[in-house]
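One structure is given here, and the rest of the page talks about it.
The values are calculated or read from the model by the stated rules, or taken from the named source; none is laboratory data. Quantities reported herein were computed from a predicted structural model and do not represent experimental measurements. Cβ placement follows ideal geometry from the backbone for every residue including glycine, while neighbour counts extend to all protein chains displayed.
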Amino acid sequence: MHELSIASRVVELVVEQVCSAGGGRVAAVTLKIGALSCVHEDALRFSFNLVREETPLANAELRVVTVPVVIWCAACGREVTLPGIQKFACPECGTPSGDIRAGRELDLESVELAGDAAAVEAAKGRII
């Protein structure tokens, strides 16, 4: 279950950033997870709940923004969103494409501190 190591890394990154920003409790963490990232959201949520204990994230909510797969269609001359990950072809014209523009993300999008509307922007970035 690689979701446990991902959750551990998220907590580690957030704790580092919160401590360097002066401390505080974390209310929410938002992750962007691409459809091709091979991350199982339920397993990640379970793992996050385990590893957040006894940290500034002890009561933090995990928010997940799912990023669909977007490919470039040369025939249509534009980026198109795929309805799933089974077929890498333009849903409009059927042209196959391996030019993936989005869908592999695994990013820390934001951290919301408890009692503070400001997010810890320094924490934003790639997880692995």
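If you go through the stretch 54-77 and keep only what is of a type in the set (D, E, K, R) and either touching a residue at least 24 places away in the same chain (Cβ under 8 Å) or buried (at least 16 other Cβ atoms within 10 Å of the Cβ) (or both), you end up with E61, R63.
In this structure, does A7 turn out to be farther than 13 Å from V111 by Cβ, touching a residue at least 24 places away in the same chain (Cβ under 8 Å) and either in contact with an Asp or Glu (Cβ under 9 Å, 6 or more places away or on another chain) or in a loop (DSSP other than H, G, I, E, B) (or both)? Before you say what the answer is, go through the steps one by one.
Working: farther than 13 Å from V111 by Cβ: yes; touching a residue at least 24 places away in the same chain (Cβ under 8 Å): yes; either in contact with an Asp or Glu (Cβ under 9 Å, 6 or more places away or on another chain) or in a loop (DSSP other than H, G, I, E, B) (or both): no.
Against the criterion (farther than 13 Å from V111 by Cβ, touching a residue at least 24 places away in the same chain (Cβ under 8 Å) and either in contact with an Asp or Glu (Cβ under 9 Å, 6 or more places away or on another chain) or in a loop (DSSP other than H, G, I, E, B) (or both)), A7 does not qualify.
For the stretch 47-65, the set of residues classified as in contact with a strand residue (DSSP E or B) (Cβ under 7 Å, 6 or more places away or on another chain) and assigned to a loop (DSSP other than H, G, I, E, B) consists of P56, L57, A60, listed by residue number. Scan the stretch 100-124 for residues that are assigned to a loop (DSSP other than H, G, I, E, B) and modelled with pLDDT under 95 and the total you get is 7. Tell me, yes or no, whether the stretch 86-99 has at least one residue that is assigned to a strand (DSSP E or B), over 16 Å from V14 (Cβ atoms) and in the same structural domain as V11 (by TED's automatic domain parsing). For the stretch 86-99, residues assigned to a strand (DSSP E or B), over 16 Å from V14 (Cβ atoms) and in the same structural domain as V11 (by TED's automatic domain parsing): absent.
Only one of the numbered conditions (1) part of a helix (DSSP H, G or I); (2) more than 14 Å from L113 (Cα to Cα); (3) touching a residue at least 12 places away in the same chain (Cβ under 8 Å) is not met by L31, and that is (1). Residues in the stretch 66-81 that are more than 16 Å from the chain's Cα centre (by Cα) and in a loop (DSSP other than H, G, I, E, B): A74, A75, C76, G77.
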